[in-house]
Amino acid sequence: MLVENKVIIITGAASPRGIGKATARALSAQGANVVILDLKLEDAQSAAAELGPRHLGLACDVTDKAACERAALAVVERYGRIDGLVNNAGITQPLRTLDIQAANFDAVVDVNLRGTLYMSQAVLPQMKEQKSGSIVCMSSVSAQRGGGIFGGPHYSAAKAGVLGLARAMAREFGADSIRVNSITPGLIQTDITGDKLTTDMRADIIKGIPLGRLGDAGDVANACLFLVSDLSTYLTGITLDVNGGMLIH
């Protein structure tokens with residue numbers, strides 16, 4: 001068991017075909033106590049119940065700092081520790097530069113970037129006390145290549161910000177034996193992308209992927225498992241590409 005008895009929080013993990021839920025399943029299968037956070041309590045609790053009785057579902061809006069702090073406190077009260085955090089919660093909008101309004105920018109940056117900061121801030125004191133912990137921040141290939149298939153420039157900017165934030169936290173908290181790393185998924189088949197790809201779009205995209213297929217949520221989940229487990233104890237501040245070769249750099 002790679003993460004046996006570790007307590008790992010995953011934000012935005014209740015969506016049926018999402019990366020978060022796939023990560024929850026992968027971690028649970030390897031022995032972790034998984035805490036699923038999502039906007040609606042019933043969704044989070046239902047997703048946790050599917051994994052089994054040792055897991056926990058909590059409501060949390062990651063753009064609300066107090067809500068993040070309450071969630072972290074509830075986890076410590078239940079399990080006594082926090083070993084890992086996967087900052088998975090995110091939203092995207094398919095807008096072009098000149099169409100981005102203030103409300104669009106705020107919404108995308110708040111969930112993707114501010115949410116990553118707030119949830120990390122919520123767990124870091126406990127990790128510092130333990131002198132151990134692993135934080136995984138979900139960025140995107142769009143942050144590296146300057147735009148994706150569905151996300152607008154404000155999404156690319158927010159996800160690029162996640163990379164910078166993760167690297168800065170890795171540098172700051174390394175002395176506390178806390179590791180902070182990022183994952184940059186390519187085009188992954190999830191609830192967000194599943195209904196938007198036509199057959200022709202899919203074929204064109206796959207032509208540019210050396211491995212010849214789109215990614216599955218499980219591909220990213222396995223990368224999360226690697227980064228929260230002891231297999232990666234000498235990795236911090238890295239960006240792990242999970243894109244099938246869509247971007248080789």
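The values are calculated or read from the model by the stated rules, or taken from the named source; none is laboratory data. Predicted model, so just to flag it, every value in this text is computed and none were measured. Heads up, the Cβs are rebuilt from the backbone with ideal geometry, glycines too, and the neighbour counts pull from every protein chain shown.
Every residue in the range 77-96 that is within 19 Å of GLN45 (Cβ to Cβ) and surrounded by fewer than 22 Cβ atoms within 10 Å (Cβ to Cβ), please.
Matches in the range 77-96: GLU77, ARG78, TYR79.
So which of LEU163, LEU197, LEU240, LEU211 ends up being more than 30 Å from THR97 (Cα to Cα), surrounded by fewer than 20 Cβ atoms within 10 Å (Cβ to Cβ) and of a type in the set (A, V, I, L, M, F, W, C)?
Selected residue: LEU211, the only one of LEU163, LEU197, LEU240, LEU211 that is more than 30 Å from THR97 (Cα to Cα), surrounded by fewer than 20 Cβ atoms within 10 Å (Cβ to Cβ) and of a type in the set (A, V, I, L, M, F, W, C).
Which of the residues belonging to the range 122-157 are in contact (Cβ under 8 Å) with a residue 60 or more places away in the chain and outside any helix (DSSP H, G or I)? It would help to see each step written out before you state the result.
Just the residues of the range 122-157 that are in contact (Cβ under 8 Å) with a residue 60 or more places away in the chain, to begin with: 123, 134, 136, 138-139, 141, 144-145, 152, 154-155.
Listed by number, the residues that qualify are SER134, VAL136, MET138, SER139, GLY152.
Can you tell me which of LEU41, LEU27, LEU58 is in contact with a strand residue (DSSP E or B) (Cβ under 7 Å, 6 or more places away or on another chain), under 23 Å from SER182 (Cβ atoms) and in contact (Cβ under 8 Å) with a residue 12 or more places away in the chain?
Values: LEU41 fails: under 23 Å from SER182 (Cβ atoms); LEU58 fails: under 23 Å from SER182 (Cβ atoms).
Only one candidate passes the filter, namely LEU27.
Enumerate the pairs (first residue in the range 210-233 and farther than 15 Å from GLY20 by Cα and touching a residue at least 24 places away in the same chain (Cβ under 8 Å); second residue anywhere and in a helix (DSSP H, G or I) and charged (D, E, K, R)) with beta-carbon separation below 8 Å, excluding pairs fewer than 6 apart on the same chain, so at least 6 apart or on different chains.
Within 8 Å, the pairs are LEU214/ARG202.
Look through the range 97-117, keep the residues that are within 14 Å of GLY161 (Cα to Cα) and not β-branched (Val, Ile, Thr), and return whichever of them is surrounded by the fewest Cβ atoms within 10 Å (Cβ to Cβ).
We begin by selecting, within the range 97-117, every residue within 14 Å of GLY161 (Cα to Cα); these are 105-106, 108-117.
Remaining after also requiring not β-branched (Val, Ile, Thr): 105-106, 110, 112-115, 117.
Values: PHE105: 18, ASP106: 13, ASP110: 17, ASN112: 29, LEU113: 23, ARG114: 18, GLY115: 27, LEU117: 18.
Residue satisfying both the conditions and the ranking: ASP106.
Look through VAL34, VAL62 and report the one residue that is within 13 Å of the chain's Cα centre (by Cα), under 17 Å from CYS137 (Cα atoms) and not in a helix (DSSP H, G or I).
Numbers: VAL34 fails: within 13 Å of the chain's Cα centre (by Cα).
So the residue among VAL34, VAL62 that is within 13 Å of the chain's Cα centre (by Cα), under 17 Å from CYS137 (Cα atoms) and not in a helix (DSSP H, G or I) is VAL62.
Among the helices (runs of 4 or more DSSP H) contained in the range 188-249, which hold 2 or more residues that are under 17 Å from the mean Cα position of the chain (by Cα)? Can you show your working first?
Working: elements: 191-194, 199-207, 217-228.
So the answer is 191-194, 217-228.
Report, by residue number, each residue of the range 95-145 that is aromatic (Phe, Trp, Tyr) and over 24 Å from ILE188 (Cα atoms).
Initial filter on the range 95-145 (aromatic (Phe, Trp, Tyr)): 105, 118.
TYR118 - this is the single residue of the range 95-145 that is aromatic (Phe, Trp, Tyr) and over 24 Å from ILE188 (Cα atoms).
Give me the pairs: first residue in the range 97-112 and within 17 Å of SER139 (Cα to Cα) and at pLDDT 95 or above, second residue of a type in the set (Ser, Thr, Tyr) and assigned to a helix (DSSP H, G or I), beta-carbon distance under 7 Å, and six or more apart or on different chains, which are they?
VAL108/TYR155
Scan the range 42-70 for residues that are closer than 16 Å to ARG114 by Cα and of a type outside the set (Asp, Glu) and jot them down.
Scanning the range 42-70 gives CYS60, VAL62, THR63, LYS65, ALA66, ALA67, CYS68.
In the range 37-49, how many residues are part of a helix (DSSP H, G or I) and surrounded by fewer than 16 Cβ atoms within 10 Å (Cβ to Cβ)?
First, pick out the residues of the range 37-49 that are part of a helix (DSSP H, G or I): 41-49.
Narrowing further to those that are surrounded by fewer than 16 Cβ atoms within 10 Å (Cβ to Cβ): 41-42, 46, 49.
Total meeting the criteria: 4.
To keep it simple, each residue is scored yes or no on (1) under 15 Å from the mean Cα position of the chain (by Cα); (2) not hydroxyl-bearing (Ser, Thr, Tyr).
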site: ALA122; (1), (2): no, yes
site: LYS128; (1), (2): no, yes
site: SER134; (1), (2): yes, no
site: VAL141; (1), (2): yes, yes
site: ARG145; (1), (2): no, yes
site: GLY152; (1), (2): no, yes
site: ALA160; (1), (2): yes, yes
site: ALA168; (1), (2): no, yes
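Which of the following residues is within 22 Å of LEU39 (Cα to Cα) and buried (at least 19 other Cβ atoms within 10 Å of the Cβ): LEU73, LEU56?
Being within 22 Å of LEU39 (Cα to Cα) and buried (at least 19 other Cβ atoms within 10 Å of the Cβ) holds for just one of LEU73, LEU56, which is LEU56.
Suppose the filter is at negative phi and not in a helix (DSSP H, G or I); does GLN93 pass it?
Details: at negative phi: yes; not in a helix (DSSP H, G or I): yes.
So GLN93 fits the description; yes.
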